[in-house]
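Only one structure is covered here, and it is reproduced in the block below.
The values are calculated or read from the model by the stated rules, or taken from the named source; none is laboratory data. Computed from a prediction, not measured in an experiment: that's the story for all the values here. Neighbour counts are summed over all protein chains in view; Cβ atoms, including those assigned to glycine, are modelled from backbone coordinates with ideal geometry. Note: areas computed on protein heavy atoms with side chains; ligands, DNA, RNA excluded. Shrake-Rupley method; radii C 1.70, N 1.55, O 1.52, S 1.80 Å.
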Amino acid sequence: MNEVSAAPNGRNSSLVLLVASALTISAVPAPGISAPRNTHLATTYTVQNCNGSGAGSLREDAGLAVSGDTIDLSHLTCETIPTRSSDGGQIVLKDVSIQGPGRDALTINGSSGTRIFFHNGTGTLTIDGVTLSGGSKMGADGDSDTGGGCLYSLGNVSFLHSTVRDCEYT
């Protein structure tokens with residue numbers, strides 16, 4: 001915020017204006033050191049509802065999140081989030097963290113008709129405090145992403161305080 005104040009100058013009764021403004025300081029790397037190219041600040045996406053798709057859903061926030069972001073489900077009071085094929089099938093995730101309210105409080109369910117998550121990142125997907133259940137993937141000749149009834153990952157997956165059950169790949 002700029003602040004302007006005026007004070008009389010005794011001799012000629014003119015006004016002297018004093019202006020204080022915000023100072024911007026930027027860091028410049030020392031010679032021979034390059035600045036980081038990826039300056040993405042991690043974002044937390046808070047899921048607003050337990051719908052399988054649409055505004056405020058896990059599917060929408062997963063589509064917005066990029067590697068390093070967090071998808072927060074911890075405040076949800078519903079027991080199940082469906083990932084039915086009619087809602088778009090498997091949810092595609094990058095190297096993000098999913099924070100749930102607890103494995104006994106929230107289940108993300110594939111409804112025995114679709115895989116739940118496809119992790120297309122090459123880093124780590126962290127899933128904390130949810131249950132994955134009822135995921136199903138039917139393979140086909142020439143299918144490049146074979147396996148993973150509940151989750152298929154191109155990278156690493158870390159499960160914390162979570163349960164994976166009743167998943168199948170046929």
Net charge of neighbours whose Cβ lies under 10 Å from the Cβ of Asn51, counting Lys and Arg as +1 and Asp and Glu as -1
-1
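Give, in nm to one decimal, the length gained when the segment between Ser74 and Met138 is fully stretched (0.36 nm per residue of separation minus the Cα-Cα distance).
Details: separation 64, 0.36 × 64 = 23.04 nm, distance 3.11 nm.
Gain on extension, Ser74 to Met138, equals 19.9 nm.
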Where region 48-170 is the region considered: accessible area per residue in Å², 1.4 Å probe
45 Å²
